[in-house]
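Read the structure below first, then the notes.
The values are calculated or read from the model by the stated rules, or taken from the named source; none is laboratory data. These figures come from a predicted structure and were not determined experimentally. Note: ideal-geometry Cβ built from the backbone for every residue, glycine included; neighbour counts use all protein chains shown.
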Amino acid sequence: MRFIASVYEKLQRHPKRIVFPEGTEPRVLQAARQFYSLRLGVPILLGDRTKIKAAAADLNVPLEGVRIINPAESEDLETFARRFEFLRRNKGIQFKEAREAMIKPNYYAAMMVAMHQADGLVSGTNESTSSLLRPLFQIIRVAPQTTTVSSCMVMEVEDPKFGEKGVFFLADCEVIPDPTVEQLADIAIATASLARHLLDARPRVALLSFSTNGSMNHPSVGKVQAATALAEQKAREEGLEADFDGEMQADTALVPEIASRKLPDRRNAKVPGHANVLIFPDLNSGSIASRMVQHIARANAYGQILLGLDRPAVDVSRGATAHDILGVAAIVGLQATAYQKLYPGSGQKLPGE
């Protein structure tokens, strides 16, 4: 069974409520309809009800089972505004400003997730990354026992010899431009945890570099080496069953024949040549590589899945198709089913609720 079909099947057992702030976007409308049709849960569209219905009619997309909320007319607007005013009190925000912010779909959607009125959020088809990350970071705190917020992409390619039957996870591809050793280790741990949850397989995590096993001498190589050791230590402390290795080049991580030539003394190592999780040393390499894989290999790409937040959220690419949006909505829904396990202590009531 292909990866995304297995995600659908699992989510059908535990349907979730996913909020889509871009309610009039054609790709979102199509994805929301499919989300309901596949019995994955309740899609929630934000925006002007008349405009959403008109856009759906133009596409001949039924809205049965789809919930529509206009933030400006919502009965929860005042409550949400008061909550946002409380959260931003140290910035001097007043109720009027808070109310104006809550009318914006991304802010309203983030508050819905924070207040447990939705289980996950999917946005980004028409807006920059910052327009989603800003409200998320202002409203949703970092998960307990977590210090790093990052992101990952799930890629599915046709050739099953790569990754886990064609599926692999790439991180960080969106959030942290130049991670520290500690942040890089956190990214590796968070991505491995999600991979284990979604794949039901042992994560084999390669921390990537332009060097393999000390073949080059550079501060960035040392950072990856140190992050690998720290990730292994943290995994042991947290009881996460996963394998970590690095630093290594991408071909060493993915191709067994190359791994055996470059690392002849580690023929029994589990990660080289068989990695299903790829951790990039910085945002430049992660962003560039993920887009190249997606388009050159014609891979199914699902992301960016945000890691380390107290609630599940996704920032999709502006180039995402309806299929991509549907897939990532299902992933964030499935992520929500085990969020307490992924982030112990997450999802609790916030101060002032």
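Worth a mention:
- Condition check for residue 294: of a type outside the set (Ser, Thr, Tyr), at pLDDT below 95 and in contact with a strand residue (DSSP E or B) (Cβ under 9 Å, 6 or more places away or on another chain): yes
- Residues of region 126-162 that are under 12 Å from residue 309 (Cβ atoms), in a loop (DSSP other than H, G, I, E, B) and modelled with pLDDT of 90 or more: 140, 148, 149.
- Filter pass, residue 186 being surrounded by 24 or more Cβ atoms within 10 Å (Cβ to Cβ), modelled with pLDDT of 95 or more and not hydrophobic (A, V, I, L, M, F, W, C): yes
- Of all the residues in region 166-180, those that are touching a Phe, Trp or Tyr at 6+ places or on another chain (Cβ under 8 Å) and either surrounded by fewer than 23 Cβ atoms within 10 Å (Cβ to Cβ) or assigned to a loop (DSSP other than H, G, I, E, B) (or both) number 3.
- Scope region 16-42; condition over 12 Å from residue 52 (Cβ atoms) and among the hydrophobic types (A, V, I, L, M, F, W, C); matching residues: 18, 19, 31, 35, 38, 40, 42
- Subset of region 320-345 (residues that are among the aliphatic types (A, V, I, L, M), in a helix (DSSP H, G or I) and more than 25 Å from residue 26 (Cα to Cα)): 336, 342
- For first residues located in region 227-246 and at negative phi, partners that are in a strand (DSSP E or B) and of a type in the set (Asp, Glu) and lie 6+ apart or on another chain with Cβ distances below 7 Å form the pairs 228/245; 228/247.
- Residues (crowded, with 24+ Cβ neighbours inside 10 Å and within 16 Å of the chain's Cα centre (by Cα)) located in region 110-134: 110, 113, 119, 120, 121, 122, 123, 124, 132
- Scan region 80-97 for residues that are closer than 18 Å to residue 114 by Cα and part of a helix (DSSP H, G or I) and the total you get is 9.
- Considering region 200-245, the residues that are under 18 Å from residue 276 (Cβ atoms) and basic (Lys, Arg) include one that is surrounded by the most Cβ atoms within 10 Å (Cβ to Cβ), namely 204.
- Taking every residue in region 61-72 that is under 19 Å from residue 104 (Cβ atoms) and pairing it with any residue that is part of a helix (DSSP H, G or I), at least 6 positions away or on another chain, the pairs with Cβ-Cβ distances below 6 Å are 68/49; 68/52; 70/49; 71/103; 71/108; 72/103.
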